[in-house]
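Below is one structure, written out as structure tokens; comments come after it.
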Amino acid sequence: MEQRDMRGHYAGLAAEYDEHWVYDSDYVPWMASQIAEALQLSPNDRIADIGSGTGLFAREVVRQIRPHHPLLCVDPSEAMLSRLGTPPSPGLTPVVASAEDIAEKRVDLPYGQFDAMWLKESVHHVTDPGHTLQGLADSLAPGGRILVVMLPASIQYPLFEAALARFEELQPDPAAIEGHLRAAGLEASLTHVEHELRIDRDKYLGMVRARYMSLLSTFSDSEIEKGIEEIRVAHPEPVLVFPDRFAFVLGRRREEGV
């Protein structure tokens, strides 16, 4: 097994990252609206996307809610953040930092407190999620909200068996994340949303070869090619149809005096 560092993985993926996620024209607007609804975002909110990557979802959230304050796109990968453009897309401000950097207040930010923040499929990169989520929770204003969007403990993706098994070994339990938010003093809840995906099989195989999921960076080139052949045999259909299910773990800081 070949283990790649995550910064190197995302630096190599940055140029084609958005292409891997816009395989369904409805997906990004759908996910952005789900995030905005769960967080009850308003134009007056000071917002951060922690682990924003190229800003794919942040850009859509800005389009939908038109915030009065720039939305902070926080990511440790300069290559990913460079895809925001020069200058960045209107309404977005890049911040080169990790979730841990924000939690530990190791970077200067334009906002002392946040009204809302989300982490979409990035919490599994956090070394100590309890400690980091505590630090992020501490940066919330009274009434502030934090949303952790993550895959459930098992998935129904058309991946090869070794990848599905490794996913279950490595993926954090959403219930444990909910517990961390409660331990951080937030009111917490766990719900699920689901979106049906339809992807051309050859396009999906190309995504697997490009290691569109960070999980796939733990496999060598030969293991990836063997896995692709396994997928070809298991899924001869030209269009793959499968559910994309997400856990939404929401934490809310109480209002002052409540």
Quiz item: What is the calculated FRET efficiency for Ser220 to Ser82, with r their C-beta to C-beta distance and R₀ = 41 Å, to the nearest 0.05?
Solution: 0.90
Quiz prompt | Within straight-line cross-link reach of Lys105, aspartates and glutamates at Cα separation under 17 Å, skipping those fewer than 8 residues along the same chain | solution = Asp49, Asp75, Asp115, Asp128, Asp138
Practice problem: Output the relative contact order of the chain, whole-number percent, from Cα pairs under 8 angstrom with separation of 6+ residues. | Solution: 22 percent
Quiz prompt | Whole-Å distance, taken between Cα centres, linking the range 112-149 and the range 234-258 | solution = 16 Å
Practice problem: Would you please state which residues of the range 28-46 a label at Glu256 would reach in this model, taking the label point 7 Å out along Cα→Cβ and a backbone N cut-off of under 20 Å? | Solution: 44-46
Quiz item: Just for the chain, what percent of DSSP beta bridges are antiparallel, to the closest 5?
Solution: 55 percent
Quiz item: Counting pairs of alpha carbon atoms under 8 Å apart in space and at least six apart in sequence, what relative contact order in percent does the range 54-148 give?
Solution: 25 percent
Exercise. Starting from the Cα of Lys226, draw a straight line to each of the aspartates and glutamates and keep only those under 12 Å, dropping any in the same chain fewer than 8 residues away.
Key: Glu161
Quiz item: For Leu92, which sequence-distant residues (separation of 5 or more, or a different chain) have an amide H within less than 5 Å of its own amide H, given hydrogens modelled in the peptide plane?
Solution: Leu71
Quiz item: Within straight cross-link reach of Lys203, meaning Cα distance under 12 Å, which aspartates and glutamates are found once same-chain residues fewer than 8 apart are removed?
Solution: Glu19, Asp24
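Here, each number is a calculation from the coordinates, and none is a lab measurement. Since we're looking at a predicted model, the values are computed, not measured. Backbone-built Cβ (ideal geometry, glycine too); neighbour counts: all protein chains shown.
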